[in-house]
Amino acid sequence: MLILQLLRVAVGSSERLGRNPSQEEWVELFAAAVRQGITAFAFTGVERLPAEQHPPFEVKMDWVAVADYVERRNRKLNVTCVKVCEAFGQEGKRVCLLKGQGMSVLYPYPLRRDCGDIDVWMVGGKAEVERFVFAKFEGADEGDGSRHVSFLADDVEVEVHHLPTSLYNPLHHRKLKSFFGVIENAPWDTFALLPENVGRVVVPSIEFNLVFILVHMFHHWAFEGCGMKQLMDYFWLLEKGQVSEDVKKKVQKQLKDMGLWHFLSAVMYVFELLGMTKEKMLCAPDRRLGQKLWADILAVGLVTADDLAVGRFGNEGKGVKFMRRLKRMWRLLPLAPDELPWVLAKSVVTWIRWNAIKK
């Protein structure tokens with residue numbers, strides 16, 4: 001599979017593709033990288049290929065344009081991250097940078113991480129976060145109304161979380177909140193120097209990230225479809241994060257207690273495809289579950305399940321599209337048997353509320 005082969009080149013596991021793609025295959029390979037949210041990162045693989053395997057000029061120029069845009073966008077986000085974190089710090093607020101620019105420093109080429117908005121976690125609880133953000137930043141809004149509020153800084157959306165993420169099984173969610181509570185009360189002494197020396201920001205500990213990013217990845221996958229963009233952050237965290245055995249054991253227990261062990265083992269299988277050694281993995285890869293996850297990643301990518309349905313079945317009604325989403329979750333139930341039923345229930349309740357009760 002060409003997208004996998006190109007990613008192996010990008011991460012340094014391979015030096016070339018298994019064969020020379022045709023022009024049509026290169027066009028599809030570029031489109032696949034876009035769907036997976038890894039266009040700029042995959043271009044690193046393109047650059048590493050031997051000359052005889054480079055894409056046609058037109059495709060390569062499209063890739064160069066995207067990579068250049070991502071690099072420029074990352075430079076802007078890095079500067080904004082430092083300004084935003086300093087603004088909170090000057091008011092005596094404890095904040096750390098979640099995922100995004102903080103994770104980019106683990107990549108071989110940090111400016112090639114395909115970027116989005118800026119996420120920070122502020123200590124203090126929902127009421128305090130909302131009070132401070134609405135008073136401090138003009139134009140702030142409630143975001144999704146559950147875990148964060150947001151505002152614009154330098155035309156970049158900044159999401160301020162009072163809770164970094166959540167789970168839907170109530171028992172698992174309580175354990176996740178308890179984990180966040182321990183982290184919240186511990187010293188925040190992990191920093192990242194952003195590229196080109198634009199400044200230093202507080203980032204979560206590696207233990208926090210190994211739990212948080214997997215839960216965040218699961219959230220994306222369960223509700224919207226998960227692209228390789230989310231997996232690459234976790235890949236480089238394990239590859240470059242220097243995870244101690246003590247941290248591994250703590251994280252393994254946390255993820256087991258939160259019902260995400262099957263999902264974790266499937267992710268490890270995808271990392272095995274990319275060339276990660278078992279010594280760096282958090283658990284043994286599960287081939288059966290991993291193949292299910294990999295097939296779903298290829299089919300859906302960063303496009304939401306609903307968007308995918310609209311694209312392929314534009315004449316179908318909301319109900320049919322909703323059933324397609326539920327069938328997808330049901331089919332993938334073995335990857336998170338203790339958590340996905342609650343996601344299914346949440347989806348059904350939300351759909352009824354918005355499409356039946358409000359009519």
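The values are calculated or read from the model by the stated rules, or taken from the named source; none is laboratory data. Remember, predicted model here, so these are calculated numbers, not experimental data. Note that each Cβ is placed from the backbone with ideal geometry, even for glycine, and that neighbours are counted across all protein chains shown.
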Quiz item: If you check every pair at least six apart or on different chains, which have Cβ atoms under 6 Å apart with a residue in the range 186-201 that is free of Cβ contacts under 8 Å to residues at least 60 places away in the same chain first and a residue that is surrounded by fewer than 15 Cβ atoms within 10 Å (Cβ to Cβ) second?
Solution: Phe191/Arg200
Quiz item: What's the number of the condition Trp63 fails, among (1) surrounded by fewer than 19 Cβ atoms within 10 Å (Cβ to Cβ); (2) closer than 30 Å to Val27 by Cα; (3) of a type outside the set (Val, Ile, Thr)?
Solution: (1)
Self-check item: One residue from Pro170, Pro187, Pro195 being surrounded by fewer than 21 Cβ atoms within 10 Å (Cβ to Cβ) and touching a Leu at 6+ places or on another chain (Cβ under 7 Å)
Solution: Pro195
Quiz item: In the range 1-57, what residues are outside any helix (DSSP H, G or I) and crowded, with 17+ Cβ neighbours inside 10 Å?
Solution: Ser14, Leu17, Pro21, Gln36, Gly37, Ile38, Leu49, Pro55
Self-check item: Candidates Tyr69, Tyr107, filtered to the one that is closer than 28 Å to His161 by Cα, surrounded by fewer than 17 Cβ atoms within 10 Å (Cβ to Cβ) and of a type in the set (Ser, Thr, Tyr)
Solution: Tyr69
Exercise. Report whether or not Asn74 is in contact with a Lys or Arg (Cβ under 8 Å, 6 or more places away or on another chain) and either within 19 Å of Val156 (Cα to Cα) or not hydroxyl-bearing (Ser, Thr, Tyr) (or both).
Key: yes
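This table checks each residue for (1) free of Cβ contacts under 8 Å to residues at least 12 places away in the same chain; (2) touching a helix residue (DSSP H, G or I) at 6+ places or on another chain (Cβ under 7 Å); (3) surrounded by fewer than 23 Cβ atoms within 10 Å (Cβ to Cβ).
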| residue | (1), (2), (3) |
| --- | --- |
| Asn209 | no, yes, no |
| Ala222 | no, yes, no |
| Cys226 | no, yes, no |
| Met232 | no, yes, no |
| Leu237 | no, yes, yes |
| Lys240 | no, no, yes |
| Glu245 | yes, no, yes |
| Gly259 | no, yes, yes |
Quiz item: Mind checking which residues of the range 261-304 are of a type in the set (Val, Ile, Thr) and either in contact (Cβ under 8 Å) with a residue 40 or more places away in the chain or not in a loop (DSSP other than H, G, I, E, B) (or both)?
Solution: Val267, Val270, Ile297, Val300, Val303, Thr304
Quiz item: Of the numbered conditions (1) over 28 Å from Ala42 (Cβ atoms); (2) assigned by TED's automatic domain parsing to the domain that holds Pro334; (3) surrounded by fewer than 16 Cβ atoms within 10 Å (Cβ to Cβ), Gly181 satisfies every one except a single condition; which is it?
Solution: (2)
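For the range 298-310, check the following and say yes or no: at least one residue is modelled with pLDDT of 95 or more and either touching a Ser or Thr at 6+ places or on another chain (Cβ under 8 Å) or closer than 20 Å to His216 by Cβ (or both).
Looking through the range 298-310, none of the residues is modelled with pLDDT of 95 or more and either touching a Ser or Thr at 6+ places or on another chain (Cβ under 8 Å) or closer than 20 Å to His216 by Cβ (or both).
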Exercise. Could you list all residues from the range 183-204 that are farther than 19 Å from Arg73 by Cβ and either outside any loop (DSSP other than H, G, I, E, B) or of a type in the set (A, V, I, L, M) (or both)?
Key: Ile183, Glu184, Asn185, Ala186, Phe191, Leu193, Arg200, Val202, Val203
